[in-house]
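> Provided herewith is a single structure, encoded as structure tokens, for subsequent inquiry.
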Amino acid sequence: LTASLPRSASAADLAARLVEGDRLALARLISAVEASRQDAREQLRCLFPRTGRAHVVGVTGPPGSGKSTLTTRLAIEYRRREQTVGIVAVDPTSPYSGGAILGDRVRMMELHSDPAVFVRSMATRGVMGGLARSTLDVVLLLDAFGKDVVLIETVGVGQDEVEIARAADTTMVVGVPNLGDDIQAIKAGILEIADVLVVNKADLAGADRLVAELRAMLQLSTVGSREWTPPIVQTVATDGQGVAELVDQVAAHRSFLESTGTWRARRAESARRQVRAIVEDRVQRRLEALTSGSDWQARFEAIASRDQDPYSVADEVMNEMAKND
Ligand SMILES: Nc1nc2c(ncn2[C@@H]2O[C@H](COP(=O)(O)OP(=O)(O)OP(=O)(O)O)[C@@H](O)[C@H]2O)c(=O)[nH]1
Ligand SMILES: [Mg+2]
């Protein structure tokens, strides 16, 4: 496979090839992004103007709720509608293909061999610059590659996942009946940022009760807005029931976002968070590099012996950081 693309291919070549639809170039750039390489950042900069077209859809919910199975079904439905799809699975608790192929081995295999679908698992927790940032960079690459829809599967726990879900244009929160305290389980799946609520495993008893509970809760809560109340869609991901309706609701949410100007407002808000995260990351690295250098050690010792105070030294550090970056 790699034979068709020399190891020495420069990042610039890769970006050009990615734009032309070369999947191998896409895979290479994704790896560079995951490794937080400098050349990847340059390419993201070049590719950025080509992004923004894809509808980024988050699929989040508690472990085992059927997110991977549902994501597979969604991809199949989008393909049926002649839309191209990228899938990013963030730190899945089970291997991506696991749950999904259990229910439908053949379909999942089809999906993997469909050139219009690209699946990537981000299993590298603790990557430099954070999981959220590298995931969103991978989404950008899929967007630049020309995917119409990018699905991001995340387990709804942890700051990174919340950050990722917030960056999606449309977030679906997937709940399942009979998880004990059902609503609590879905709340763990970051209910407050749900645009579409999914009650998956609707083949199990208790699905109707969960729908009723969610409906009651929506009436009381601040989820959604006056203009958009998250619809509740029942699905059976293992056989595809309800998935077409789910795709319709996701499209309806996009139309809502666009017709009200919310699309741009959300993306601007997401950009604000992204820029802050990038700056925070850079400042942190620079601070770390600066203050672990031996030339500052003497000043820290001077503070310890009360010959200097930490406030003045902090000012010096700030000045130094502003100087050369
Ligand atoms: N009965 C029933 N089982 C389902 C349904 N959807 C998924 N499952 C099963 O639930 C299990 C978990 O499915 P996954 O798709 O792996 O769930 P997940 O949310 O991706 O799991 P993690 O990524 O590990 O958090 C699998 O055994 C699926 O076959 C459904 O609609 N009904
Ligand atoms: Mg999964």
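Each reported figure results from applying straightforward, stated rules to the coordinates on display, with no laboratory input. Predicted, not measured: the structure shown is a model, and the values here were computed from it. So basically every Cβ, Gly included, is an ideal-geometry build from the backbone, and we count neighbours across all protein chains shown.
> What is the set of long-range amide H partners of E153 at a cut-off below 5 Å, with H atoms built 1.01 Å from backbone N?
The answer is V59, V88, A89, V90.
> I'd like the distance between the alpha-carbon centres of region 17-57 and region 271-325, rounded to an integer number of Å.
Here the two parts' Cα centres lie 32 Å apart.
> Sticking with this structure for a sec: Just add up the charged neighbours of A25: K/R +1, D/E -1, any other residue whose Cβ is under 10 Å from the Cβ of A25.
That sum, taken over residues with Cβ under 10 Å, equals 0.
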